[in-house]
Every structure is written in structure tokens, then in C-alpha cells.
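FYI, it's all coordinate maths here, none of it is from the lab. This is a predicted model, so every value here is computed, not measured. Don't worry about glycine lacking a Cβ; one is built from the backbone with ideal geometry, like all the others, and counts go over all protein chains shown.
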Amino acid sequence: MRRDEPISKIMTTDLVTLSITDDLVTAEKLFVEHKIKHIPVVKGKKIIGMLSYTDIQRVSYSDVSDDETSVDSFVYNTFSIEQVMAKNIIVVPPYTPIKDAAELLTKKGFHALPVVEDSELVGIVTTRDLVKYLVARL
């Protein structure tokens with residue numbers, strides 16, 4: 001394992017993204033269909049936020065009754081992606097060393113980092129990507 005190997009070697013480039021005009025129903029379908037936990041929210045090719053499956057679950061459980069159907073209906077009709085997504089995100093360039101990305105994820109408690117080049121979203125690296133990388137080298 002090279003100490004300076006860039007995250008471009010392990011990042012996901014086949015991105016699933018959302019727009020702030022999408023709804024939470026669409027977001028949940030994408031999470032389930034693609035078996036992912038984080039979706040960048042974009043305006044064109046520029047990232048403006050990050051939505052995690054945990055964000056949706058957190059909102060779902062916060063304000064309503066025990067009936068799951070009413071929970072989903074309430075959440076989907078009450079909150080927008082813009083209200084639920086993380087807005088203050090940290091991005092990294094594709095040449096960031098894998099070790100530095102892992103340290104950043106660990107220190108900040110994130111599970112995903114958007115990868116941006118020339119102000120354009122080009123990938124995402126997650127803790128799952130890092131674990132796959134480490135397992136392949138053991």
C-alpha cells in the first residue's frame with residue numbers, strides 16, 4: 001500500500017445524485033434501489049449538500065406517532081431535501097491521499113466525502129470504499 005495513493009483509485013464515480021427540488025420519496029427509493037447510505041445533492045454539477053439515509057430516519061422518528069405509514073407520509077409531506085440535507089460539507093480533491101481521507105472521516109465522524117475537482121462533483125468516497133480497499137490488501 002503506497003502512502004500517497006489517491007482517493008481517485010477507490011472513489012465511486014458512478015454517482016447517484018439528488019436535486020433540492022426532488023422529494024424525500026425519491027430519495028428513499030434511490031437509497032433502497034442502489035443500496036447506498038449517502039447521496040450528494042447537486043445543482044448542475046456543483047455539490048450543495050449531502051443527504052444520508054440516517055438523516056431521513058432521524059427526521060422520521062422525531063415528530064410523529066408509532067404508525068409507520070403515517071410517519072412516512074408526514075415526513076415526506078412536511079420536509080424537503082433542502083431542509084434535511086447537511087449543508088456545511090467538507091469536500092476533497094481526487095488527488096487526496098487515501099490515508100488523509102481516512103483520517104478526515106475518522107476525526108470528523110463522517111461516513112462519506114464528496115470528491116470535487118474544478119468546483120465539479122466527480123466522485124464520492126465512503127467508509128465502505130475504505131474498508132474494501134483495506135480488505136483487498138490484507
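Projecting each Cα onto the charge dipole of the stretch 7-137 (Lys/Arg +1, Asp/Glu -1 at the beta carbon, about the Cα centre), which of 110, 34, 8 comes out farthest on the positive side? Looking along the dipole axis, the top candidate is 8. Across the stretch 7-137, the relative contact order, built from alpha-carbon pairs under 8 Å that are at least six residues apart, equals 30 percent.
What net charge do the residues around residue 21 carry, taking every other residue with its C-beta under 14 Å from that of residue 21, with Lys and Arg at +1 and Asp and Glu at -1? In short, -2.
Counting other Cβ atoms within 10 Å, which trypsin sites (Lys or Arg not before Pro) in the stretch 1-52 have at most 13 and lie in a DSSP loop? Listed in order of number, the matching sites are 2, 3, 35, 45.
Couplings for the stretch 98-108, taken from phi via the Karplus curve 6.51 cos²θ - 1.76 cosθ + 1.60 with θ = phi - 60°, read 3, 4, 5, 5, 4, 5, 5, 4, 5, 5, 8 Hz in order; Gly and Pro are left as x. Across the stretch 30-37, computed HN-Hα scalar couplings (Karplus, 6.51 cos²θ - 1.76 cosθ + 1.60, θ = phi - 60°) run 5, 4, 6, 4, 9, 6, 10, 10 Hz from first to last residue, x flagging Gly and Pro.
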